[in-house]
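Heads up, the thing below is written out as structure tokens.
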Number of protein chains: 2
Amino acid sequence: MEESKYTQSVDKDLDEETLFIVSQTFKALSDPTRIRILYLLSQKEHSVNEIAEKLSLGQSAVSHQLRFLKNLRLVKYRRAGTTLYYSHDDKHVMNILKQTIDHARHH
Amino acid sequence: MEESKYTQSVDKDLDEETLFIVSQTFKALSDPTRIRILYLLSQKEHSVNEIAEKLSLGQSAVSHQLRFLKNLRLVKYRRAGTTLYYSHDDKHVMNILKQTIDHARHH
DNA sequence: AGAATATATGAGAATATGTTCATATATTAA
DNA sequence: TTAATATATGAACATATTCTCATATATTCT
């Protein structure tokens, strides 16, 4: 039997663009440092130095990771003088992170 | 003010083990090849060769990735002669994958 | 046992990733 | 304008990842 002309999109192969977006999204969540940063930002906004101190990381490392997250529009920032306050900027992704943390904890 | 003894677990720092499980889970979903394999298995079980053919991948590459996914208990298999039929084995993770694919498609 | 088929495994190569170090840029205050 | 503070950036290094190639293992059939 041939493929039905009513085949749903959910059964089609993944197109390049979708695949790229999905893999990039999960890549953002696959590194312990980025997870810790996002988790911190899930509670409230933090400056770069606050993040570095709270998580015992170098300022440069934090800045690099924030750039990564910013490029994917997972975080945003507001400026206050020389200080940049970062906060999360993607509710869907933060929700998925929270779901998975809860799931991991219950085992 | 000191930390309340009623502080919710959701506000605590992430412990090592949770962090490890979460990062490993997302790492599994961060590679295009593994995403394509899991997506295929979300539809129905497939043998190693079927996966390789459908996705135009080498048999060895597929086998390596399946081992990775098997170690995380994201897939399982049943044997039929010399053929191994793989299927998904973690509804939570498959649900997250589906959510994220849908989210990516709608943009 | 030997041949055929399906899958797994290990080593090696190419590429990607994450951190550190040094330094650049931007904002504010004196 | 100069100094002080906060953050960003680029290069270099160490490690991790993913694929390919060759070969090993497992099952079935004759």
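Things worth noting here:
- Rounded percent of accessible protein surface that carbon and sulfur make up, chain B, 1.4 Å probe: 48 percent
- Close amide H pairs (under 5 Å, H built 1.01 Å from N) link A:S47 with A:Y86, residues at least 5 positions away or on another chain.
- Interface size B-A, as summed buried accessible area [1.4 Å probe, Å², nearest 100]: 3300 Å²
- Teacher prompt: B:K54 distances to equivalent labels in other copies, 7 Å Cα→Cβ, nm: 4.3
- Residue-by-residue Karplus 3J(HN,Hα) for the range A:40-47, coefficients 6.51, -1.76, 1.60, Hz, glycine and proline x: 4, 6, 5, 8, 6, 5, 9, 7
- Of the residues A:L72, B:L74, ranked by 1.4 Å probe accessible area with the largest first, the sequence reads A:L72, B:L74.
- Using a 7 Å Cα-to-Cβ projection, A:Q24 label spacings across copies, nm, ascending: 2.9
- Rounded accessible area per residue of the protein assembly as shown, 1.4 Å, Å²: 61 Å²
- Threshold 50 Å² - residues in the range B:85-107 whose accessible area is reduced by that much or more when the chain is no longer isolated, probe 1.4 Å: B:H92, B:Q99, B:T100, B:H103, B:A104, B:R105
- Take the Cβ atoms of B:H106 and A:R73, set R0 to 22 Å, and the FRET efficiency comes out at 0.90.
- Couplings 3J(HN,Hα) for the range A:67-74, derived from phi with the Karplus relation 6.51 cos²θ - 1.76 cosθ + 1.60 (θ = phi - 60°), are 4, 4, 5, 5, 4, 8, 6, 8 Hz, where x marks Gly and Pro.
- With label points defined 7 Å past Cα in the direction of Cβ, position B:R105 shows copy-to-copy spacings of 3.2 nm, given to one decimal and shortest first.
- Centroid-to-centroid separation of the range B:51-66 and the range A:39-107 [C-alpha atoms, Å]: 36 Å
- Violating pairs (Cα-Cα greater than 29 angstrom) within the set B:K70/B:K98; A:K70/B:K54; A:K91/B:K44: A:K70/B:K54; A:K91/B:K44
The values are calculated or read from the model by the stated rules, or taken from the named source; none is laboratory data. Computed from a predicted model, the values in this text were never measured in an experiment. Cβ atoms come from the backbone with ideal geometry, glycine included; neighbour counts cover every protein chain shown. In case anyone asks, the SASA skips ligands and DNA or RNA and just uses the protein heavy atoms, side chains included. Shrake-Rupley method; radii C 1.70, N 1.55, O 1.52, S 1.80 Å.
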